[in-house]
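Every read-out reported here was derived from the displayed coordinates using simple, explicitly stated rules and does not represent laboratory data. All of these numbers come straight from a predicted model, not from anything done at the bench. Backbone-built Cβ (ideal geometry, glycine too); neighbour counts: all protein chains shown.
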Amino acid sequence: MPSSLPIQNNVALRAFNTFGIDATAARYIRIESTDTLRAVAADYQLAAMPRLVLGGGSNIVLSGDFNGLVLHMCTSGIQVSGELDEAVLVTAAAGENWHQFVLWTLAHDLPGLENLSLIPGSVGASPIQNIGAYGVEMKDRFHSLTLFDMSDGQTRVLHRADCDFSYRDSVFKHALRDRAVIVDVTFALPKRWQPSIAYTELSNELRARGITEPTPMQVADAVIAIRQRKLPDPARIGNAGSFFKNPLVAASIRDALLSAHPDMVSYRQADGSYKLAAGWLIEQCGWKGRVQGAAGVYEKQALVLVNLGGATGAEVMQLAAAIRADVAKRFGVELEPEPILV
Ligand code: EPU
């Protein structure tokens with residue numbers, strides 16, 4: 001049956017991934033409503049193709065051309081959708097830009113997301129890796145989401161307990177990876193707001209600005225300033241944010257490493273394990289600012305790999321493999337990539 005859907009063939013994805021990797025999608029469709037998703041799921045041939053759901057394209061690495069169907073989430077809409085005793089509910093469509101959404105909440109006197117300012121990407125991608133920064137994770141403000149299940153064509157609402165959120169991880173990277181398309185996300189923003197400013201770099205920034213009791217917008221401004229200082233703007237230098245997760249290790253491993261490297265950075269977790277700063281491990285191996293082909297390690301943040309112009313996905317992956325091997329050899333720690341590798 002020929003499809004009447006507005007499918008495009010051989011579409012360049014370079015403008016749709018923040019790494020700026022020049023790859024092509026065999027088939028591509030803009031999704032502007034759930035009806036379009038329903039039509040894709042009902043089309044036997046399209047539904048059987050390998051699928052890539054694309055939001056802002058800020059957390060993927062394209063290893064080469066994609067021989068399947070790209071569903072590009074381009075839906076829009078933000079609204080106050082309800083109220084709880086302690087929180088206001090705000091729902092945003094998956095295709096909304098994350099930072100613009102954060103600014104919308106602040107402009108409407110609905111604080112709670114300010115620590116997550118300036119994170120690239122879309123609202124629909126935010127639960128997939130449970131985005132986090134400066135002491136707050138998306139899950140801390142998450143209420144529920146609507147997903148479209150490509151496997152049965154049904155729409156379902158998931159609450160926090162259904163999503164298995166953890167550090168840069170969720171059910172959407174695992175059991176639901178090939179089925180779920182997130183349609184919208186609802187956040188519970190606290191009516192009685194308290195600033196979350198314990199993260200050292202953030203509290204230092206506020207102190208340097210002479211601010212002791214910040215407003216939500218002042219927290220957002222401080223976060224934006226830190227990010228602009230340390231992280232490359234994807235509009236100018238291709239990147240996907242942190243390329244590796246900060247590894248979690250047992251206390252015994254951290255203690256052994258610390259006695260060999262007394263200035264190693266680590267953070268104790270609630271369960272007694274430790275998170276190591278992957279940026280520190282990578283820098284110690286001499287990778288900060290290094291270049292390999294057209295890919296490199298950002299000079300101001302070793303956890304961020306960058307496209308210096310025309311890097312292929314394969315070049316980025318080779319660089320990542322070389323870094324992983326060095327960190328494993330020197331520290332015995334395995335780094336895990338943070339973006340989704342396609
Ligand atoms: N560090 C170094 N060298 C470096 C980079 C970092 O020694 O080149 C050290 C720093 O001195 C600091 C520690 O590592 O003591 C942590 O650095 P930073 O505060 O920059 O944070 P991060 O652990 O490198 C994480 C997130 C970021 C998030 C920041 C702030 C991950 C994988 N990354 O980075 O998230 O913005 O904390 O909360 O958890 C992202 O996920 O894409 C991302 C940018």
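Bridges between two residues of region 7-73, per DSSP, are antiparallel at a rate of about 30%. Counting pairs on different chains as well as pairs 8 or more places apart, how many Lys pairs in the chain have Cα atoms under 26 Å apart? Eligible lysine pairs with Cα atoms under 26 Å apart amount to 21. The slack in the chain from Val80 to Ser252, taken as 0.36 nm per residue of separation less the alpha-carbon distance, amounts to 57.2 nm.
Express as a percent, rounded to the nearest 5, the fraction of DSSP beta bridges in the chain (both residues included) that run antiparallel.
80
If R0 is 41 Å, the Cβ-Cβ spacing of Asn67 and Ile224 corresponds to a FRET efficiency of close to 0.60. Sequentially through region 279-288, phi angles give Karplus couplings (6.51, -1.76, 1.60; θ = phi - 60°) of x, 5, 4, 5, 4, 4, 7, x, 8, 4 Hz, Gly and Pro residues having no value and appearing as x. Region 279-299 and region 84-147 have Cα centres separated by 31 Å. The chain gives an Rg/Rh value of 0.97, both radii derived from C-alpha positions and Rh following Kirkwood.
Modelled spin labels at Arg177 and Ala208, positioned 7 Å past Cα toward Cβ, are 3.9 nm from each other.
So the label point goes 7 Å from the Cα of Val265 along Cα→C-beta, right? Which residues of region 314-341 then have their backbone N under 16 Å from it? Zone members listed by number: none at all.
Looking only at Thr34, Thr200, Thr215, which one moves most when the chain is put into a Gaussian network model with springs between Cα atoms under 10 Å? Largest GNM mean-square fluctuation: Thr200. The slack in the chain from Asp109 to Asp233, taken as 0.36 nm per residue of separation less the alpha-carbon distance, amounts to 41.9 nm.
Given only helices, namely DSSP H runs of n ≥ 4 each adding -39500 (n - 2.57), what is the per-residue ellipticity at 222 nm of the chain, to the nearest 500 deg cm²/dmol?
-7500 deg cm²/dmol
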